[in-house]
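K.L.:
Could you have a look at this structure, given as structure tokens, before my questions?
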Ligand SMILES: [Zn+2]
């Protein structure tokens, strides 16, 4: 025995009954509704599968060398962005953001750069070098330099989230 959901009153009833005991909707109606629902569920699974596959292809996430027939039929895989180039771009952008926050951007030197994170040494307002300080530079308005725009503890929080 299976329970069917009545398409009329939404109450459940046995498929052994000829009709819904609550509202009298015939069994055939409930069976038809169930068939339709199953079909939709299957369609959703196929759709989710297709999205997952497309995501995998376009993100270049997993490079599967063992190409089967379905992969061969897939559209041309776009060139994966060069991670090294992306890294360099991020560093250059970050430097620009850091320099917009420095008193003397010309004097800036960098070390230990990784993406939007790194260390910068530059002249302060009095012409002396500050020594290397850690920074996180996400955008022009989101530049954090340790001990300058953020307090030590706050900076460490940002650093741990963005750079670890
Ligand atoms: Zn009913």
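Nothing in this text is a laboratory measurement; each read-out follows from the coordinates by a stated rule. Computed from a predicted structure; not experimentally measured. Reconstructed Cβ throughout: ideal geometry from the backbone, glycine too, with neighbour counts over all protein chains shown.
K.L.:
Which ordering of 32, 106, 146, 99 is given by a fewest-first count of other beta-carbon atoms within 10 Å?
P.N.:
Fewest-to-most ranking of 32, 106, 146, 99: 106, 32, 99, 146.
K.L.:
Between the stretch 118-164 and the stretch 83-98, how many Å separate their Cα centres?
P.N.:
16
K.L.:
Next up: Starting from a Cα-only point model with no solvent, please compute log10 I(q)/I(0) by Debye for the stretch 83-163 at q = 0.13, 0.17, 0.19 1/Å.
P.N.:
Values returned for q = 0.13, 0.17, 0.19 Å⁻¹ are -0.35, -0.60, -0.75.
K.L.:
I would also like to ask the following. Which of 120, 136, 46 comes first, and how do the rest follow, when ranked by fewest Cβ neighbours within 10 Å?
P.N.:
Placing the least packed residue first, the sequence is 46, 136, 120.
K.L.:
Would you list 1, 90 from fewest to most Cβ contacts within 10 Å?
P.N.:
In increasing order of surrounding Cβ atoms, one gets 1, 90.
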